[in-house]
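Report on the structure given below.
The values are calculated or read from the model by the stated rules, or taken from the named source; none is laboratory data. Remember, it's a predicted structure, so these values are computed and weren't measured experimentally. All Cβ positions, even for glycine, are placed from backbone atoms using ideal geometry, and neighbour counts span all protein chains on display.
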Amino acid sequence: MPISPPQVSELVEKLVAEQGFDLEDVTVNRRDGQDELTIVVDRDGGSDLDVLADLSNRISEVLDAVPELAEGDPYVLEVTSPGVDRPLTLPRHWRRNAGRRVAVDVAAREGSEARSVTGRIGKLTGETVEIVINHRGRIAVESIPLDAVTTAVVQVDFSQPSVTELELCGLDADEIERRRARDRTQLNN
């Protein structure tokens, strides 16, 4: 595939934005003799498979109009949302994951050592994120400057957080009820 990820980004970025998404990543890999093009998109509120399938069809139309791609070998196109293992690197990543469990590595700063913090993503204010920590029923909130975060990854979490934790994360009553209803449904299936 004679096209690079930056070229693909340039081709699809406007379309992705028009559909209400942010273009998070583009990769081009060769696997088993075939090129694989992966486009990672995200938006506030997430998306379902039907929306991603529609976006994939629209992106495919744009790419198929490019002579180098249309005339070259066939390629596999995957349009996906960020996986749970994607690091949080931008403020919008933190905002979109409010209330989710996260493991954060914090760099050493003047007066403190490097450390790891695990808790729920709370409010994002300016250049600081709050992490809501529940240690055996005792809830605390720690503010961490985003520029002190060396790595942060959302964790797979099977526990159901308390309403208090979710309120401290900045979620409103409707969002808390929606998440709790979803969790109850998943437990019953």
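Observations
- Subset of segment 59-118 (residues that are among the aliphatic types (A, V, I, L, M), in contact (Cβ under 8 Å) with a residue 40 or more places away in the chain and outside any loop (DSSP other than H, G, I, E, B)): Ile59, Val62, Leu63, Leu69, Val76, Leu77, Val79, Val102, Ala103, Val104, Val106
- When Glu127 is tested against (1) touching a Leu at 6+ places or on another chain (Cβ under 9 Å); (2) under 21 Å from Ile176 (Cα atoms); (3) at pLDDT below 95, only condition (2) is not met.
- Restricting attention to segment 119-158 and to residues that are without any contact (Cβ under 8 Å) to a residue 12 or more places away in the chain and outside any strand (DSSP E or B), the residue that is surrounded by the fewest Cβ atoms within 10 Å (Cβ to Cβ) turns out to be Arg136.
- Among the residues here, Leu77 qualifies as at negative phi, surrounded by 11 or more Cβ atoms within 10 Å (Cβ to Cβ), modelled with pLDDT of 90 or more and touching an Asp or Glu at 6+ places or on another chain (Cβ under 9 Å).
- Condition met for Ser9 (small (Gly, Ala, Ser), in a helix (DSSP H, G or I) and not assigned by TED's automatic domain parsing to the domain that holds Val149): yes
- Taking the listed residues Gly99, Gly83, the one that is surrounded by fewer than 16 Cβ atoms within 10 Å (Cβ to Cβ), among the small types (Gly, Ala, Ser) and either in contact with a Cys (Cβ under 9 Å, 6 or more places away or on another chain) or within 19 Å of Arg43 (Cβ to Cβ) (or both) is Gly83, with no other qualifying.
- Selection count where residues are under 24 Å from Pro74 (Cβ atoms), part of a helix (DSSP H, G or I) and either hydroxyl-bearing (Ser, Thr, Tyr) or at pLDDT below 95 (or both), scope segment 13-51: 1
- Qualifying position, being in a loop (DSSP other than H, G, I, E, B), farther than 15 Å from Pro91 by Cα, not assigned by TED's automatic domain parsing to the domain that holds Gly45 and not β-branched (Val, Ile, Thr), among Leu171, Leu166: Leu171
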